[in-house]
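The values are calculated or read from the model by the stated rules, or taken from the named source; none is laboratory data. Everything quoted here is computed from the prediction, not taken from an experiment. Cβ placement follows ideal geometry from the backbone for every residue including glycine, while neighbour counts extend to all protein chains displayed. Side chains included, ligands, DNA and RNA excluded: accessible areas come from the protein's heavy atoms. Shrake-Rupley method; radii C 1.70, N 1.55, O 1.52, S 1.80 Å.
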Amino acid sequence: MGTRKKVHTFVRVKPTDDFAHEMIKYGDDNKSIDIHLKKDTRRGVVNNQQTDWSFKLDGVLHNASQDLVYETVAKDVVAQALDGYNGTIMCYGQTGAGKTYTMTGTTENYKHRGILPRALQQVFRMIEERPTHAITVRVSYLEIYNESLFDLLSTLPYVGPSVTPMTIVENPQGVFIKGLSVHLTSQEEDAFSLLFEGETNRIIASHTMNKNSSRSHCIFTIYVEAHSRTLSDEKYITSKINLVDLAGSERLGKSGSEGRVLKEATYINKSLSFLEQAIIALGDQKREHIPFRQCKLTHALKDSLGGNCNMVLLTNIYGEAAQLEETLSSLRFASRMKLVTTEPAINEKYDAERMVKNLEKELALLKQELAIHDSLANRTLVNYDPMDEIQIAEINSQVRRYLEGTLDEIDIINLRQIQEVFNQFRVVLSQQEQEVESALRRKYTLIDKNDFAAISAVQKAGLVDVDGHLVGEPDGQGFGLGVTPFSAKPGKKSKSKKTFKEQLSSSARKEGASSPVSGKELDVSTSKTQLTPSSKEGDVKDMTIRERETSSIEPLPSDSPKEELRPPRPSTPPPKPVAFEDFKNERGSEINRIFKENKSILNERRKRASETTQRINAIKREMDVTKEALNFQKSLREKQGEYENKGLMIIDEEEFLLILKLKDLKKQYRTEYQDLRDLRAEIQYCQHLVDQCRHRLLTEFDIWYNESFFIPEDLQVALKPGGSIRPGMVPVSRIMSLGEDAQDKFSQLQQVLLPEGPDSVAFYNAKVKTEQKHNYLKTMMGLQQAHRK
Ligand code: ADP
Ligand code: MG
């Protein structure tokens, strides 16, 4: 399968007493045939006439018995048909050369029976040898005469659609002839009866319809379908064997025939030359289109020529000198056929009914297995069917409660339920997004920050400044922890979208679980008095943005002198907001300074952008006024009559000055607009730096807070030489694997202390992790000492 295969070509020479030994010679291997023609002396002295030909074939059958011919030509093709490969055997040659003798043979003499009856015999014999398969055999017999289709088995009773006239139909499964009866045969004998019936009809037709049987093409087809008797096997194979007895290939038109004979000759010549064209096209690898539909013969054989079938051509020739020209022509046809390659492939199909049955069986089995698993795992009453609306609604409600915090966890039941939970998360999320937006819209006017027109319109109305900040927002606001939530200050509507975002990001940070400080503490602090945002930051240093960028990312030296002078650790850690102020003065002073600088530059740029916008608006207004004045002057001029001097328009000085002014204004407008654009880019960049600094400040603070109040000092000392490890940064997974003892302790702690609420987990986690680390380091040191000893 999958490998290309050449068409097998054989030559069968009709026995004769008058064999042209001098002209026809066979190769020693019996696979080539050489033809030698005597020079025709009548053609003159200069004679370029070709006189020698050599044909290479797959075998020359000379004086061969029907038995040997079958063995050589057909046996393999038929055998492979039972494995699912289509096969085609064709006899080609001039009338009387023995095509019908080869294909059908003599019906009176068993010994001289041809390929057709032998093929049927072989099929039934092979079926007997394959008891594992249920194999059905069907047979049809088609004759093509003068481009009309005839069913040679139409005289037999047949249940099936009878379509007249018959038509050739193509579908994805292949080509079939609509209206041609296809007869089921369960045994050899029935099959022979069909064959004989067809042969008889062929002879009768030649009498009654006055048609010469050697002027028609006959196609005997054996259809095989093999199903495994094992019911679980859904695959089955189909194949067909086409046995083709072609009309005589001799060129009849030349010999002055007329009437019916001429018509027959024309059709035969045409169909055989179309066959030849199709074969040439099939032999040409570059050809994509094969002209199959030019005549009935090639159309009917479309899926039996080339393609995926095993193909054999048997050329019948005379061995006599008188027929040498036709013999040459037949051999040329054979050598062209040799160029055709096919790619035999099994015709495998799936029995849909069996497949469904098997899948149902498997499904039932898997359900049983699941039930067993569930009962072993004490999970009774779990349903695996698709969810109905009520169940989905229940999951939706669970998700909502989970998000609200009234439901601690959603129990996992099965895969379907997990998927639905995710699904409902998405549903709820998108609903909430919409709700938030519409709530905001009800309360505020939301403007697209890139929509200059809208911003300037709102600006005119005095609602926002150039950056979309609502009027009244304090410039240069410093960053303090626990800024009052958006809705927590009734009456004060001066909260920008920005501050809202900051809150969102800070709460996201809280949930980030990597911080050993629990979110609860931050929440608690929000209602306390230390929450006043720090006041205006002055001191804009003349640093370039690039310098700040690098300095703000650089990690700060952890062993700065400030740390060494640190006062003794208090027994209870101070509240975070207080600690944060300390941090900003202590280790965090440098980041805080950079943060403040960036922030003030950002504010300065914003202010400038705002001023530029105002200028742009002013210019625009002036442009409008000038345009209006210009239009007025123009209409005045038109009313008073125009002056023209040598084709040039004469305008008065006032109008001229207005034009100049407008031009100047436009120029200004463009410059200012460009400035604004540059400023915006700068603002965006600064904003990014400010965000980065803020994040850094908080992260450093978290680390500092842990180091200062939670992690034992000796441990810190131990960690210091490593340099790269910062206590607050040791990954959870690494700490968790530090030792069984610590693990036990942790579990105990959890059990004893968790009743305090889930928020305490993070706290205890941090504590236990620290202890674990401590133990680990102690052990390591002990080991090192032991090693030294
Ligand atoms: P075609 O079908 O090519 O026109 P036929 O098969 O009808 O030719 O053969 C013409 C005659 O020659 C028939 O009487 C047939 O029995 C006889 N004949 C052809 N080939 C052989 C052969 N190999 N051995 C004996 N008789 C043959
Ligand atoms: Mg014949």
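Values computed for the structure shown
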read-out: Of all residues in the range 313-367 being hydroxyl-bearing (S, T, Y) and touching a strand residue (DSSP E or B) at 6+ places or on another chain (Cβ under 7 Å), the one that is most open to solvent (accessible area, probe 1.4 Å); value: Y350
read-out: Residue list for the range 293-304, restricted to those being closer than 19 Å to E343 by Cβ and open to solvent by 20 Å² or more (accessible area, probe 1.4 Å); value: K302, D303
read-out: Candidate set: the range 285-305, residues that are of a type in the set (A, V, I, L, M, F, W, C) and part of a loop (DSSP other than H, G, I, E, B); chosen: the one farthest from the chain's Cα centre (by Cα); value: C295
read-out: Scope the range 646-691; condition within 19 Å of K634 (Cα to Cα), β-branched (V, I, T) and part of a helix (DSSP H, G or I); matching residues; value: I659
read-out: Neighbours by Cβ (under 7 Å, 6+ apart or cross-chain): first from the range 415-433, β-branched (V, I, T); second open to solvent by 70 Å² or more (accessible area, probe 1.4 Å); value: I418/I412; V428/R400; V428/L403
read-out: Matching entry among L630, L719, L698 (being open to solvent by less than 80 Å² (accessible area, probe 1.4 Å), at pLDDT below 85, assigned to a helix (DSSP H, G or I) and assigned by the TED database to the domain that holds F595); value: L719
read-out: Where a residue in the range 95-110 is farther than 18 Å from N201 by Cα and its partner, wherever it lies, is near ligand 1 (Cβ under 8 Å from one of its atoms) and open to solvent by 40 Å² or more (accessible area, probe 1.4 Å), with Cβ under 8 Å and at least six apart; value: G96/K14; A97/K14; G98/K14
read-out: Residue within the range 72-83 that is open to solvent by 10 Å² or more (accessible area, probe 1.4 Å), in contact (Cβ under 8 Å) with a residue 12 or more places away in the chain, within 16 Å of ligand 1 (Cβ to nearest atom) and among the polar types (S, T, N, Q) present; value: yes
read-out: Some residue of the range 87-104 being away from ligand 1 (no atom under 15 Å from the Cβ) and assigned by the TED database to the domain that holds T185; value: yes
read-out: Unmet criterion (only one of (1) of a type in the set (A, V, I, L, M); (2) touching a helix residue (DSSP H, G or I) at 6+ places or on another chain (Cβ under 9 Å); (3) assigned by the TED database to the domain that holds N308) for I447; value: (3)
read-out: Subset of the range 65-105 that is of a type outside the set (G, A, S) and touching a Cys at 6+ places or on another chain (Cβ under 7 Å) - its residue that is farthest from ligand 2 (Cβ to nearest atom); value: Y85
read-out: Options S273, S239: the member that is crowded, with 17+ Cβ neighbours inside 10 Å, modelled with pLDDT of 85 or more, away from ligand 1 (no atom under 15 Å from the Cβ) and under 48 Å from the mean Cα position of the chain (by Cα); value: S239
